[in-house]
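Quick notes on the structure that follows.
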Amino acid sequence: QVQTVESGGGLVQPGGSLRLSCAASGFDFSSFVMGWYRQAPGKECELVAAITSLGSSTKYADSVKGRFTISRDNAKNALYLQMNNLKPEDTAVYYCNRDPVWRNYWGQGTQVTVSS
């Protein structure tokens, strides 16, 4: 069964940092481009960052460039997102999925709240 389990979210003050983790199972993780997505209240789901199967190339949404870093460990079927200098507008539920997405295989996500 395809499964992704996100963790690492929490409440952080503006300017703070968080590191999100995603544990994947049920598919050949190392064969796919993976991404982090987020959905804020009242907004569409947004691709935040993506990384190629071997980690050789990455891309980021303009809003997070220079602040977020995506990485992966294929030996552990794990995807990570290091988030620095967080801003209130980063508040959202964060999910990991393939790029392009598997629409039927969203995990529960992890909540990131940036607030004073």
Could you say which residue among Ala50, Ala92, Ala40 is modelled with pLDDT of 95 or more, among the aliphatic types (A, V, I, L, M) and more than 19 Å from Leu11 (Cβ to Cβ)? Ala50
Give the residues of region 1-47 that are surrounded by 13 or more Cβ atoms within 10 Å (Cβ to Cβ), over 18 Å from Val93 (Cβ atoms) and polar (S, T, N, Q), sorted by residue number. Ser30
Filtered residue count, region 89-107, keeping only those that are loosely packed, with under 14 Cβ neighbours inside 10 Å and closer than 16 Å to Glu46 by Cα: 4
Of Ser116, Ser71, which residue is among the small types (Gly, Ala, Ser), in a loop (DSSP other than H, G, I, E, B) and surrounded by fewer than 20 Cβ atoms within 10 Å (Cβ to Cβ)? Ser116
Does Asn97 meet the test of being part of a loop (DSSP other than H, G, I, E, B) and touching a residue at least 40 places away in the same chain (Cβ under 8 Å)? no
For the structure I just gave you, tell me whether Lys76 is among the charged types (D, E, K, R), open to solvent by 50 Å² or more (accessible area, probe 1.4 Å) and closer than 19 Å to Ser7 by Cα. yes
Does region 53-62 hold any residues that are over 14 Å from the mean Cα position of the chain (by Cα) and either within 15 Å of Gly9 (Cβ to Cβ) or open to solvent by 40 Å² or more (accessible area, probe 1.4 Å) (or both), and which are they? Leu54, Ser56, Ser57, Asp62
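The values are calculated or read from the model by the stated rules, or taken from the named source; none is laboratory data. What you see is a predicted model; the values in this text were computed from it and never measured. Here the Cβ is made from the backbone with ideal geometry for all residues, glycine too, and neighbour counts use every protein chain on show. Each accessible area value is taken on the protein alone, full model and side chains, heavy atoms only, with ligands, DNA and RNA left out. Shrake-Rupley method; radii C 1.70, N 1.55, O 1.52, S 1.80 Å.
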